[in-house]
Structure formats: structure tokens, C-alpha cells
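Written out below as C-alpha cells is the structure these notes cover.
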Amino acid sequence: MTAIGIDFGTSNCSAYLPVGSTMKGIPIEGDSSLLPSVVFTARREIAIRKIEDYEYARRLKNARAAANAEQRKINQEGGTPSPINEQILRKTIEDTMRREAANEREKQYWGQSFLSMLEDGQAVLFGTPALRAHISDPLSGTLVKSPKSFIGSDIDDQYLAAFRDVVTYMLRHIVSQAERHCKQPISNAVIGRPVFYHGTMGEDGNKQALRLMEEAAKAAGLKNVEFFMEPIAAALEYEKSISREQVVLVVDIGGGTTDCAVVRLRSSSAKRFDRSSDVLGYSGNRLGGEDFDQLLAWRCFMPFLGKDRFPHSLLYDAISIRDIPAQLRFRRAEYEIELLVRRYTHVPELERFRTLHKFQLQHRVINSAELTKLKLSEVPACTVPLGYLENGLSVQVTKEEFKELSGGLLRKIENLMLQAMRGAGARPDAVFLTGGMGSSPVVQELVRSACGNDIPIKLGDMLGSVGKGLGECASLAFR
């Protein structure tokens, strides 16, 4: 019975198939085993409604009556009225009704929401094609990044249902690609879960997220689903490399969550699915790489869009792409922005912000921040092109700037590491660092500083450790 491990991540998704003693990455986007956690839904084209004969006849009758009344009035006043031109009367009514129909079409087209587009069964794109579709024409649809970030949130039921459906679509895509690759049906999967899902509801949010994930998995065609802690799954990769028992601090910093776990690892435990007795301490929080992206955009990009001159709330809403109320406020902020334009004329920062709002470029701004963060892992400084906001606009960002602005987030990660170690009551023999943010030099420097130079730091497959571990779990859970 074929089973797979699925890492449904905040930034990327992956799936792994157990093949003997190795884990094989399944290509789920072209030849890549990584699928960016991004969804794009296109707007539905709205046809201009035809002129209704009854309404046309009613208006023509009323127009004739009005014209006749005007002629009688002119006669009563002793004047000579012009004859009624039937052709002009008909053309005026037709033009008015066509203009009304066109305006109604425009209103319906732009009034489509992400929710209504899903309900209408509009085409859904995933991953890189979704990003390309949004970048090429941001107004042609709606982009949702990291649906995992929403399912543990305190939002309306209709939005929760919509995000559950998005997760279903993505899981169905992953499973279908896996079935195509394996050439057989797949009914069983182990899906990763963070210690705490992103949101503000605590344990209630965790229960809600797990319920929605299970519903989505079943709707995607999976009959049997198990959930497994992501940091523990990541540790399984490291466990295969050791010859003696070790206590290891696993630090998994993903796109939306940071999970830390102190785990007892030994080769004799490698064949057990239930590893709860080996977890000595753990901690987690709803912060990850996307928080670094948003903070970088705020501190380095938004001053060029008026951050230091205009109301902060309006600008912060713009880049809060994981906050549904904030995005709804920003999409409806045209009136507030126009008031600012009238008050501050010929201000370049405001013109750039108006461009961002007009073309709904907030996801692109955050994407630029993410690319900048990745680049600064390799070079001491980089120039960020923002020509989509203003022709020729660019911003210089240095590694030192990024380190300074990240200080608050890094301290939170350090506290999570210390919390997990205190809970375990044991000093780790090694640290296993994984997750997308694990490749950042500022994070690696933090881990060394927090744990001491005498504890070795092992770097995992930053984007694959969790998925490989979940593949291992799948081979054990569905033997």
C-alpha cells in the first residue's frame, strides 16, 4: 500500500516517497520536488448584458411621452416646437442602456472577491505559474500566499471554508502528481504540522487547523491521514547519521512558524512511528521567514512610499498580506489615498503608494523583500529594483541593515530555543538547524551565540529535512 509524506509548508510544499531505505522527492512542479505555497485565482469574464426589449420599449414610451409633453408646453406658451426625431430618440436610449450595461459589467468584474471566484469555479493556478500570472497582470485575479497561515486564525467561517478549499486544491494537485509519478493510487499520507499554527487562538487555533487540514486531505482523495510534528520529522534525517545516542536540539525555522524540540535520538528507535517518549522539550511560535520579509519591506522599502510622512496604518495594511482584515481595508482605501493626493501634491512617495494600490502590487513588494533576504545570505549588500512602482526606482540594502532590523525577531527565536532546552532539563549534544531561514547567516550566528561554540551545529537539507522525515514516518505508519 503506497504512502507518502507531505510537507505542507508556509512557503513551499514537498512530498517524499519511501523507496527502500531512502526517501525520494516527488516532482510536483515540473522536475522540482518543491511547490511554492501560492495560489492564483483568475477573475471571471463578465459578458455585457443585452438590451432587454421590454426595458427598451418602456424607456422609449416614456421618452415619447416626455417629448410630447414638452411640445404641448411650448405650444401653450405660443412657441413653435421642433418635430420629434424618432431616430435620435431611439439612438439616445440605446446608447444610454449600452453605457449602463458596460458600467454594470465593470462593477461586477472588479467586485469579484477571492471567495466569489472560488465559488464560481474559476481556474486555480499553483506555485510558480501562480506567481507569474500575478506579476504579469496583478488585477486579473487574486493571489493568496501561504494558505497554511490562515487555517488557525480567528476569521469568518466563510473565509475558513475558502482556505480549506484552497488547501484541498493544493493537496489534490500534490497527490495527483505523486500518483502520476508512482503510477498507482495513493490513499495514505503523513502530513507535517507545526507545534503551533499561525494565528491568535492558541490551542483552539491548533485544533481548528488540524480539523481543516484533515477535511481537506480527505476531500483531496486521501483515505488515511496521520499528522506528525515537523521538528521531530526533521530530526529523523539526522538520526540516520549517528552511531550513538544523542540529545539534539532541533531548530526548524520555516516560512510562518519556528519550532524547537529537544529530542533523544538513537538508531534503535528508527523503526518506531510514535516518538513521543523521545521528545524531552519543545516550544514554538507563529513567526518565520515571512515575518522577516514583511519587516524588511517595512523598514527598507516603505520609506520610499511615504512611511515617514503619511498614516502608518494605511501603509502597514498594504504589506500585511497574511492579515485578511488589513487586506480588505487596503483594497477599499482608494478614498483615503485620494484625500492624501489632494493634500500633498507632487509627492513622489505618495505617487508610488498610489501605484501600489491601483495595481495591487503588495504581494510583489513582499516578494522583492524575500528575494532581497535570500540575496543577503550570499553578498554583503544588494540593489533591489522596484521599477514596478516607479520607473528606475531602486533601493540599496546591506547585510548589516538586515541584521539590525531583524534583532527583535532573532531574540524571539533565541527565547524559543532556550525555552525548549529548559523544558528538557538537558544540555544538547548537538543542534540540528533546518527550515528556509536556517540558511541565513544571521540565524546561524544567533544559534552559535545562544548554544555556545562547544556544541556542534549540523545543517540539514533546509527545504527537504521535514519532507524526508515525513516520508520515513509514512513508511512506518502504513506498513
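FYI, it's all coordinate maths here, none of it is from the lab. Here the structure is a predicted model, which is why all the values come from computation and not from measurement. Positions of Cβ are backbone-derived with ideal geometry, glycine not excepted, and every protein chain shown enters the neighbour counts.
Observations, loosely collected:
- Centre separation in Å (Cα based) which lies between segment 300-331 and segment 417-453: 33
- Helix 127-136 axis, angle to the chain major axis (alpha carbon atoms, nearest 10°): 30
- Solution diffusion estimate, µm²/s, Stokes-Einstein, segment 407-479, Kirkwood Rh from C-alpha pairs, 10 °C, viscosity 1.306 mPa s: 116
- R0 of 60 Å, Cβ-Cβ distance Ser394-Asn224: FRET efficiency to nearest 0.05: 0.70
- Computed from backbone phi, the HN-Hα couplings of segment 360-376 come to 6, 9, 4, 5, 5, 4, 5, 5, 4, 5, 5, 5, 5, 4, 5, 5, 6 Hz, rounded to whole numbers (Karplus: 6.51 cos²θ - 1.76 cosθ + 1.60, θ = phi - 60°; Gly and Pro given as x).
- For the chain, the longest principal axis of the alpha carbon atoms and the long axis of helix 407-424 meet at an angle near 40°.
- Tilt relative to the chain, helix 157-182 - C-alpha long axis, 0 to 90 degrees, to 10: 60
- Values of log10 I(q)/I(0), in the order q = 0.06, 0.07 Å⁻¹, for the chain under a Debye, Cα-only, solvent-free model: -0.36, -0.46
- Set of segment 355-397 residues, backbone N closer than 20 Å to the point 7 Å along the Cα-Cβ line of Arg332: 357-362
- Annotation: extensible slack from Leu418 through Glu214 equals 70.2 nm (criterion: 0.36 nm per residue apart, minus Cα-Cα distance).
- Each peptide in 250-257, 309-316, 344-351, 429-436 gets a packing score, the mean of other Cβ atoms within 10 Å over its residues, and the list from highest to lowest is 250-257, 429-436, 309-316, 344-351.
- In the chain, the DSSP-assigned H stretches of four residues or longer account for a calculated mean residue ellipticity at 222 nm of -15000 deg cm²/dmol, using -39500 (n - 2.57) per stretch and the full residue count as denominator.
- Summarising the amide proton neighbourhood of Val250: residues at separation of 5 or more, or on other chains, whose placed amide H is nearer than 5 Å comprise Ala261, Val262, Val263, Phe432.
- Percent of beta bridges antiparallel (DSSP, the chain, rounded to nearest 5): 70
- Distance violations [Cα-Cα > 20 Å] among Lys24/Lys183; Lys148/Lys358; Lys373/Lys399: Lys148/Lys358
- If you look at the Cα atoms of segment 290-405, you get an Rg and a Dmax of 13.9, 43 Å.
- Candidate lysines for bridging to Lys73, where Cα separation is under 28 Å - those fewer than 8 sequence places away on the same chain excluded: Lys61, Lys91
- Protection proxy ranking of 465-472, 138-145 - average other beta-carbon atoms within 10 Å, highest first: 465-472, 138-145
- Whether segment 199-263 is rounded, prolate or oblate, judged on the alpha carbon gyration tensor where a/c under 1.5 counts as rounded: oblate
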